[in-house]
Amino acid sequence: MKTTRSGKLFRRAARVIPGGVNSPVRAFRSVGGEPLFIARARGARLRDADGNDFIDFVGSWGPMLFGHAHPRMVAAVRKALRSGTSFGAPTGAETRLAEAIVAMVPSVESVRLVNSGTEATMSAIRLARAFTGRDKIIKFAGCYHGHADSFLIRAGSGALTLGIPDSPGVPRDLARHTLTCRYNDLGSVRRAAAGHRGRIAAVIVEPVVGNMGCVPPEPGFLRGLRRLCDRHGMLLIFDEVMTGFRLAPGGAQEKYRVRPDLTTLGKIIGGGLPVGAYGGRKKIMGMVAPAGPVYQAGTLSGNPLAVAAGLEMLAMIRERQGLYIALEHAGRALTEGLSEPLTKKGIPHRINRVGSMFTLFFTPDRVVDFESAGRADTALFGKYFREMLARGVYLPPSQYEAAFISAAHTDGVIGRTLRAHRSAVARL
Ligand SMILES: *Cc1c(COP(=O)(O)O)cnc(C)c1O
């Protein structure tokens with residue numbers, strides 16, 4: 001595979017951008033090699049600067065539920081573009097997007113649009129602290145909630161991949177307010193809640209984790225969190241930045257039938273443009289300025305292009321009959337096919353999958369939390385990643401990221417992926 005142009009672009013980027021990338025997960029640090037620079041994408045396919053074509057399982061880290069450059073998305077953004085890119089004043093389209101979110105996400109009665117998942121989670125935490133009058137929060141090791149200070153404590157995603165789950169620059173005085181519990185371990189939450197009685201504002205959780213690789217909740221875990229939150233007066237925050245609209249129209253809360261107090265959204269609601277949102281019960285959201293005293297603002301929030309993309313995305317989700325069933329089928333066909341040659345060759349592995357998000361872990365053990373994820377053989381994953389890349393399959397460049405299937409991943413695309421996989425496994 002020729003990568004001359006990507007290499008050149010990377011060296012040029014590294015002179016003016018830290019590490020040559022604008023988000024650490026894009027670097028190929030943990031899998032070896034240098035990142036490919038992308039020229040264009042369509043459907044399930046990516047093309048890099050050297051003209052190499054790939055089947056894409058990153059999907060911009062989640063947003064591309066219908067694949068890249070879907071004609072309806074392109075048309076919707078183009079139409080909005082002609083009317084101006086930003087006004088700094090309200091538009092009717094923002095209300096229509098808020099109405100769509102309220103209609104689709106079970107626990108959301110009122111919602112504020114922001115520009116990223118990070119903004120959504122940091123705003124939700126501020127609101128939870130204000131609403132409860134408490135300072136501490138509980139998060140789970142290996143969960144990632146964006147890069148705000150309170151969350152960079154045993155964080156997942158790029159922080160985990162690069163081995164820096166506790167970032168320097170986070171004031172110790174703030175970090176001590178973040179308590180870390182173990183995912184899928186209600187006992188750890190019970191102990192934290194009892195030990196800090198009356199001082200914990202919220203429990204924030206990825207209802208299905210994507211950021212230490214895909215780790216589903218064990219039966220009863222989410223419901224147990226709901227009960228503990230009710231008992232201790234803590235708000236339950238579902239960070240559905242990744243799972244929102246991916247696992248069901250109403251996200252993980254619809255799939256698992258547990259209602260959080262606050263929900264954060266991102267990724268899919270922007271259809272690939274920068275949008276995030278946080279919402280929940282009216283009584284809580286009523287505290288956000290200018291309705292209430294909790295300050296949160298954004299010059300470009302509710303940006304017309306981003307909102308047009310979001311509206312079209314949610315309309316497509318509502319209109320496409322059988323979308324989630326098709327994604328489930330594609331996901332099952334793919335992961336069953338992945339397992340077979342590995343089992344035959346005696347390579348220990350576990351595949352975690354919920355609907356259209358999955359991770360192939362190179363470990364013999366069940367992966368249910370940060371520690372079990374940490375036992376995966378990342379060197380073997382790196383080798384596998386490179387073999388797949390050489391065969392035209394672009395996986396997330398880390399053992400600790402979920403891969404995504406889109407509606408553009410047809411049977412043919414899945415079949416080609418499995419052929420590449422069999423040939424890659426033969427080289428492991
Ligand atoms: C991606 C992600 C975020 C951060 O969103 P950004 O748009 O990257 O700031 C937060 N929480 C979860 C669960 C995510 O997957």
Would you mind computing, in nm to one decimal, how far apart the modelled labels at Arg320 and Arg191 are, each placed 7 Å from Cα along Cα→Cβ? 4.3
Suppose every K and R has +1 on its Cβ and every D and E has -1 on its Cβ; what is the size of the dipole of the stretch 318-428 about the Cα centre, in Debye to the nearest 20? 400
Placing +1 on the Cβ of each Lys and Arg and -1 on the Cβ of each Asp and Glu in the stretch 71-319, which of Val288, Gly224, Ala80 has its Cα farthest towards the positive end of the resulting dipole? Gly224
How big is the gap, in Å, between the Cα center of the stretch 348-418 and the Cα center of the stretch 61-109? 30
Return the subset of Lys136/Lys282; Lys139/Lys255; Lys255/Lys345 for which the Cα-Cα distance in this structure is over 29 Å, preserving the input order. Lys255/Lys345
Separation of the stretch 23-52 and the stretch 259-316 by C-alpha centroid, Å? 29
May I ask you to give the percent of accessible area on the stretch 90-132 that is carbon plus sulfur, with a probe radius of 1.4 Å? 53
Please give the solvent-accessible surface of Phe245 in Å², to the nearest 10, using a probe radius of 1.4 Å with every protein chain present. 0
Place +1 on the Cβ of every Lys and Arg and -1 on the Cβ of every Asp and Glu in the stretch 310-364, take the dipole about the Cα centre, and give the residue among Thr335, Met357, Gly310 whose Cα lies farthest towards its positive end. Thr335
Grab the Cα-Cα distance for Glu99 and Glu34, subtract it from 0.36 nm times how many residues apart they are, and report the gain in nm with one decimal. 19.1 nm
Please report the projected area of the stretch 71-319's Cα convex hull averaged over all directions, in nm². 13.2
Label-reachable residues, the stretch 356-387, where backbone N falls under 18 Å from a point 7 Å from Arg332's Cα toward its Cβ: 356-359
If I model the chain as equal point scatterers sitting on the Cα atoms and use the Debye formula, what is log10 I(q)/I(0) at q = 0.09, 0.10, 0.11, 0.13 Å⁻¹? -0.54, -0.68, -0.83, -1.18
Relative contact order for the stretch 1-114: what percent, with Cα pairs under 8 Å and sequence separation of 6 or more? 16
Once you have the Cα-Cα distance between Arg226 and Leu300, take 0.36 nm times their residue separation minus that, and quote the gain in nm to one decimal. 23.2 nm
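The values are calculated or read from the model by the stated rules, or taken from the named source; none is laboratory data. Just so it is clear, the structure is predicted and the values come from calculations on it, not from any experiment. Using ideal geometry, Cβ is built from the backbone for each residue, glycine included, and neighbour counts are taken over all protein chains shown. Please note that ligands, DNA and RNA were not included when accessible areas were found on the heavy atoms of the full protein model with its side chains. Shrake-Rupley method; radii C 1.70, N 1.55, O 1.52, S 1.80 Å.
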